[in-house]
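The values are calculated or read from the model by the stated rules, or taken from the named source; none is laboratory data. The shown structure was predicted, so the numbers you read here are calculated from the model rather than taken from an experiment. Virtual Cβ from ideal backbone geometry, glycine too; neighbours counted across all protein chains shown. Accessible surface is based on the protein model in full, side chains and every heavy atom, while ligands, DNA and RNA are left aside. Shrake-Rupley method; radii C 1.70, N 1.55, O 1.52, S 1.80 Å.
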Amino acid sequence: FVLRQDSEVLGFPQGADQIRQFHPSLVFVDEGAFQVLAGEGFAAVKPAIQQGGKYITISSANRSHFELICRDRTDE
């Protein structure tokens, strides 16, 4: 993965409303299993992902929305 020269890296608190106003090409989430609003945040960026964007989340283990993403079951 290489950032283009005109790229921006922005940080957001968890939740859908903070990121919904942007159209990110890459979303990187750290400790996603411990974010209470992870599902809402994922739903907010899903249109960008479906248009070719990338969503990367990493975390230590915790049963949550993170487990659904790992099992590719976010549409249930």
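Under 5 Å between amide hydrogens, built in the peptide plane, is the criterion, and for residue 27 it picks out 54, 55, 56 among residues at least 5 positions away or on other chains.
So with the 1.4 Å probe, I'd like the accessible area per residue for the chain, rounded to whole Å².
On the way: 5820 Å² over 76 residues.
Per-residue value: 77 Å².
Other residues with beta-carbon under 15 Å from the beta-carbon of residue 58 carry, at +1 per Lys or Arg and -1 per Asp or Glu, a net charge of -2. Shown is the FRET efficiency for residue 26 and residue 67, computed with R0 = 22 Å from the Cβ-Cβ distance and rounded to the nearest 0.05: 0.50. Would you please name the chymotrypsin sites (Phe, Trp or Tyr not before Pro) within segment 9-64 that are DSSP coil residues with at most 14 other C-beta atoms within 10 Å of their C-beta? For chymotrypsin sites (Phe, Trp or Tyr not before Pro) across segment 9-64 that sit outside H, G, I, E and B with at most 14 neighbouring Cβ atoms in 10 Å, the list reads 22. Computed over neighbours whose Cβ is under 14 Å from that of residue 22, the net charge equals 0, Lys and Arg +1, Asp and Glu -1.
Shown here: mean projected area of the Cα convex hull in nm², derived from the displayed model; of the candidates (1) 4.5; (2) 5.4; (3) 5.1, it corresponds to (2).
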